[in-house]
Amino acid sequence: MHDSDLVENGTGPRMSPSPPPNALPRSHAVRWLRAIVIAVPCTVLVLSLAGSAIAQDPTPLPTSMTASTPEPDGSGASAPPAPTPLVHPPDDGTNGCYACHVSIDDRQAELSTIWLESVHGQAGVGCASCHGGDPRSDEVTVAMSVAAGYIGIPTRADTVGICGGCHADVQRMRSSNLPTDQYAKYYTSVHGQKLAEEGDTRVAICADCHGTHGVKKASDPTADVYPLNVPQLCASCHSDAEKMEPYGIPTNQFAIYQKSVHGEALLGNQDTRAPTCASCHGSHAAKPPNSTEVVEVCGRCHTATQALYEQSKHSRLEAVAPRCWTCHGTHDVSNPSTELFFHRELPEYECTTCHDLANRKLRLQATQFENPDDRRCDTCHHPESIIYAQVDAIYRSLDAAQVAFDGAAAQIDEAARLGMIVRDARVQLTTARTSLIQAQAAVHTTKLTVIAGFADEAVAQADDVRALADARLDESTFRRQAMVAVLAIIALNIVILTLWKRRHDLELR
Amino acid sequence: MQRLQGSDPGAGGVVAWIDERIQARTLIGALLHVRIPFLAKTYYLGGITLFLFGVQLATGTLLLLYYQPTPETAYESVLFITSEVTFGWLVRSIHHWAANLMIITLVLHVVRIFFQAAYKYPREMTWLVGIGLLGVTIGFGFTGYLLPWDQRAFWATVVGTEIVGAVPWVGEPILELLRGGADISDATLTRFFAIHVMILPVVFAGLIALHLVFVHQTGLASPKRPDPRPREEVTGEPERTKPFFPHYVLDEVLAWYVVLAALVVLASLFPAGLEEEANALVTPEHTKPEWYFLSVYELLKHVPRLVGVLTPVILVVVLAMLPFIDRSREVRPRRRRLAILLGLIFLVGLVGLTIRGYVS
Amino acid sequence: MQVDEPIQPARGVGRRQFMRWLMGFSVVSTIAIIVTPLIGFLIPPKSSGAGGGGKMLVGTIQDIPPGTGQVVPVGNTPAVVVNTEQGVRAYSAVCTHLGCVVAWDPVAVNIVCPCHDGRFSPANGSVLSGPPPAPLPNLQVAVEGDEIFIVSV
């Protein structure tokens, strides 16, 4: 049959098709057959779509008790999917679940006890909030019934929605004074985006970091999310080659971090001021900061350094700008020194080192600085360039200040070793040290005048201190010489007395 | 012109002028012109200790001119002496080293007396006064150590007074008495200063006067034969003697010169240092008392507290009562094997514990 | 023999005189090495040092008007004096982080350590932000009229 007939003749929506004058008379059966041929494939299509939608969402919410809001849209880049709290009968202050499960067997008893001692247990957040079901009843068929909303163990894909059902609800979290942005943040993270867009349930979800039954406060030192424990927590997946293989992410970050200044401070000295993975990557919104974000991230703690950097030419460059990571690394940040200026041996310079072959523009590649030995000024600044002379001047200025300072400190130690009082010299050395540290920090401005200003001050102050220490050393030498003179006099006296004694002994005999 | 009798003494006549009035010559003569056993071997230890006390008296008085005994200013005043005052470093270093040497020579003196049995008849009282002097000297060391008020001084005193406080019954009251309260405070410093600068010197002077009078009266002991009791028959050859003055005195003065040389070397090469100022809120990592207390300190690490605290007390009492415990007449080592053995064991233990305490 | 006799006493007298001279030298030299340091010690040294009630003038109210602060040397240690609403306060100017000398920041109106941007409160020396782990130690201040003294560092 020709639908064009319908279109041509039809002026209203419900116009029944009038048979053409010359056509054979249609029977009712044929009309029904037409309807079936069209309707059945459409129905099958619709049903299979609905079926697959339901299959993906294994939480059969009885429509009469549905409390959720509209379906999430496909893309995770815009608003995050709405949280999906479980709906279940109120508990009326009872917890039949716990009462039963604590006496079933050892494993259940352990889980129940863990829950009771957890933050949720202490706050009266019961089993039904995550598992559904009716906590008032002690009969299994009622308590763990689908009608009461029981879902068993929540799947990985559902967990985030369930946690978010309470933790993204501002009203509900008001009494515990907890933030409610974790859910939204999570869906901006790499973990959340993979979960939402690709349905990848291998990514980290709430329970992976915070635990399931035994959720603890982040301020609890035994919690996995306590700052001192965060690196190991992230490493439990991110250092596992098998787990990271599908994503092509390296797995050596934790190992590198452990040896870095930050890692040693946090893990070695248990200093919670040091950054954890979450400090730079974010926790719920975990995503590696991009090149331009890095300065702000590092500058959260290194405020003075950021302020200095923003005075420099480097900060005003766009594409070829060296950032914090360029010279200091990312996970492997170590103590900087004047070694960061130049290579020991000059590197090989090729056009492609600095220029993009396609358009000959200058460019900065991250791969150039992977090797810590290449994190030097002269990786970009060729020895025959004008800027190189300035770099060299900065280096010399700093080196002179360091040498002067170390020399003064060594003299003081020598004087102290000889027993001289050096307290005033040590105190004066602190001013030289202040100037030296300021000079070193000023390197980030890349301005020779600023750096040399501090460095020269440091040299002058260090020289003053050295003069003090030298005076002490001279005094020590003088004392030793005087000691020898006095000893000579005493020895002379002993000799004279012995002679006199001999005379007297002789007379006695 | 006729010269009035006695109005114009002239050179050398000064002595005669004085002698005429107070018979000084006879007095001095009685003190000096005595005889000592030919075989006496004192190693001059007692005299050296007395010399060192004199040094302490002199240097201590000098330090007193600049030292300020309050917690706010004590440290600075000591720093001032050591760095600003001319020869201040020398006076302070000599005071520091003479204190250490004095304790060493005093202990050696006691050891000599013990091994030569010079504590026996008729020198029991001399010995008792001597034990008193030993206690006073240790007291000097203990109280003087706090005065610079640096971390080392402060915390060593905390540890030291705690040990005293551990003595049963009397310990706690004595601790409060020493500290001038429950904790070390400015009251402690004032007390220690008063004890160190007035009380102990007066007591020491009194005791040393008695000690010297007793020594003069009994004479020096002979290491070969005991003093005869009154009405006892003297057998064998009479003891050979030699004059105290000038022979023995000259040897003594020579020994003093050697000790002076040692003091000069020690003060110049190892001057007395100063750590950071005392801070009651910061305990330094390795607090140890001064070396002469290390044996007790080390002992306390190995035995129960009560035993460790009472042992020195009991030993001192035994030491004091020694002339009354050991009543035999023998003075030669060969005839006093038990005493010699016990003495050696005690000495080895003391030195061993001190060394152990030092290296640990 | 009479010929030899005069020689003996002469040598003996010479030796005795020499001995006397030696003894004199001995006595004098001993006294010298003792008295020299003694006299030196007794003469008061020039610098003020410990004493004078331990009070040191560091400035006037005109030098440090209310709402400002200044780093001043007290003896040979630096101190920071601030004139706050609650009165004049002083703290040790040695930063508790790594020992740099702090400075006064007139823009932020607080004490800043230029090394790592540690901030201290002028009201009580406590840490406002940055790496310092402990507050600046307090120093005793005495204000007499217009003059500001720091008492016994």
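Rule-based calculations on the coordinates, nothing more; no lab input. The shown structure was predicted, so the numbers you read here are calculated from the model rather than taken from an experiment. Cβ: placed from backbone, ideal geometry, glycine included. Neighbour counts: every protein chain shown.
Rank the residues A:His382, A:His191, A:His331 as a footprinting-exposure proxy: fewest other Cβ atoms within 10 Å of their Cβ go first.
A:His382, A:His331, A:His191
What is the total of Lys pairs in chain A with C-alpha atoms under 26 Å apart, excluding same-chain pairs fewer than 8 positions apart?
Number of lysine pairs found: 16.
Hey, fewest Cβ within 10 Å first, where do B:Leu350, A:Leu362 land in order?
Details: B:Leu350 17, A:Leu362 11.
Taking fewest neighbouring Cβ atoms as first place, the list is A:Leu362, B:Leu350.
Contact order normalised by length for segment C:52-151, with contacts defined as Cα pairs under 8 Å and 6 or more residues apart; what percent is it? The partial results should precede the final answer.
Details: 227 pairs, mean separation 27.5, N = 100.
Result for segment C:52-151 is 27 percent.
Mind giving me the FRET efficiency for A:Arg202 and A:Ile256? R0 is 22 Å, r the Cβ-Cβ distance, nearest 0.05 is fine.
Working: r = 24 Å, r/R0 = 1.08.
The pair A:Arg202/A:Ile256 has a calculated efficiency of 0.40.
What lysines does B:Lys224 reach when the alpha-carbon gap must be under 20 Å and sequence neighbours fewer than 8 apart in one chain are set aside?
Cross-link targets: B:Lys41, B:Lys120, B:Lys242.
Counting only complete DSSP H runs, which helices of chain A cover 20 Å or more along their long axis at the Cα atoms and score a mean Kyte-Doolittle of 1.0 or above?
A:28-56
Consider a paramagnetic label point 7 Å from the Cα of A:Glu384 along Cα→Cβ; state which residues of segment A:354-368 have an amide N under 14 Å from it.
Within reach of a label on A:Glu384: no residues.
Could you work out the pair-distance distribution P(r) of segment A:398-509 from its alpha-carbon pairs, with 10 angstrom bin width and percents rounded to whole numbers?
P(r) for segment A:398-509, in whole percents per bin: 14, 28, 18, 12, 9, 8, 6, 3, 1, 0.
For A:Ile104 and A:Glu139, calculate 0.36 nm times their separation in residues minus their Cα-Cα distance, and state this gained length in nm to one decimal.
Result for the pair: 11.2 nm of gain on full extension.
What are the ³J(HN,Hα) values, in whole Hz, obtained from phi via the Karplus relation 6.51 cos²θ - 1.76 cosθ + 1.60 with θ = phi - 60°, for each residue of segment B:290-299 in sequence order, with x given for Gly and Pro?
In residue order, the calculated couplings are 5, 4, 6, 9, 4, 5, 5, 4, 5, 4 Hz.
Using a Förster radius of 35 Å, what is the FRET efficiency between C:Thr36 and A:His504 based on their Cβ-Cβ separation? Nearest 0.05, please.
0.70
Can you list the residues, at least 5 places off or on another chain, whose amide H is less than 5 Å from the amide H of B:Lys242, using H built in the peptide plane?
B:Ile36, B:Phe38
If you wrap a convex hull around the Cα atoms of chain B, how much volume per residue is inside, in Å³? Intermediate values should be presented prior to the final figure.
Working: hull volume 71.8 nm³, N = 360.
So the per-residue hull volume is 199 Å³.
To the nearest whole number, what is the average tally of beta carbon atoms from other chains within 10 Å of the beta carbons of peptide A:494-502?
Details: counts 8, 2, 9, 8, 3, 5, 7, 6, 0.
Mean shielding by partner chains, rounded to a whole number: 5.
So how do A:Ile494, B:Ile325 line up by other beta-carbon neighbours within 10 Å, fewest first? It would help to have the intermediate numbers written out before the result.
On the way: A:Ile494 18, B:Ile325 10.
Sorted ascending by nearby Cβ count, the order is B:Ile325, A:Ile494.
From the alpha carbon gyration tensor of the protein assembly as shown, can you work out the equivalent ellipsoid semi-axes (sqrt of 5 times each eigenvalue) and give them in Å, largest to smallest?
Working: eigenvalues 1696, 312, 134 Å².
Sorted largest first and rounded, they come to 92, 40, 26 Å.
With r as the distance between the Cβ atoms of A:Ala265 and A:Ala366 and R0 = 35 Å, compute the FRET efficiency 1/(1 + (r/R0)^6) and round to 0.05.
Efficiency at R0 = 35 Å is approximately 0.85.
Under 8 Å for C-alpha pairs, at least 6 residues apart: give me the relative contact order for chain A, rounded to a whole percent. It would help to have the intermediate numbers written out before the result.
On the way: 531 pairs, mean separation 40.8, N = 509.
Reported as a whole number, the value is 8 percent.
HN-Hα J couplings of segment B:210-223 from phi, Karplus 6.51/-1.76/1.60, θ = phi - 60°, integer Hz, Gly and Pro as x?
4, 4, 5, 4, 4, 4, 5, 5, 7, x, 6, 7, 9, x
What lysines sit close enough to C:Lys55 to cross-link, taking a C-alpha to C-alpha distance under 29 Å and skipping anything fewer than 8 places away on the same chain?
C:Lys46
Using square roots of five times the C-alpha gyration tensor eigenvalues, list the equivalent-ellipsoid semi-axes of segment A:77-215 in whole Å, biggest first.
Semi-axis lengths for segment A:77-215 are 27, 16, 15 Å.
Averaged over B:153-161, how many beta carbons belonging to a partner chain fall within 10 Å of each residue's beta carbon? Spell out each step's value before the answer.
Values: counts 0, 0, 0, 0, 0, 0, 0, 0, 0.
The shielding value for this peptide is 0.
Would you mind giving the mean number of other chain beta-carbons within 10 Å of the Cβ of each residue in A:221-231, as a whole number?
Rounded to a whole number, the mean comes out at 0.
What distance in nm separates the two pseudo spin-label positions at B:Arg337 and C:Ala108, each 7 Å out from Cα along the beta-carbon direction?
The answer from the label model is 8.3 nm.
How large are Rg and Dmax for chain A when calculated on the C-alpha trace, in angstrom?
Rg, Dmax (Cα atoms, Å): 39.2, 176.
Quick one: which residues, 5 or more positions from C:Val141 or on another chain, have an amide H under 5 Å from its amide H? H modelled 1.01 Å from N in the peptide plane, none for Pro or chain starts.
HN-HN under 5 Å from C:Val141: C:Val151.
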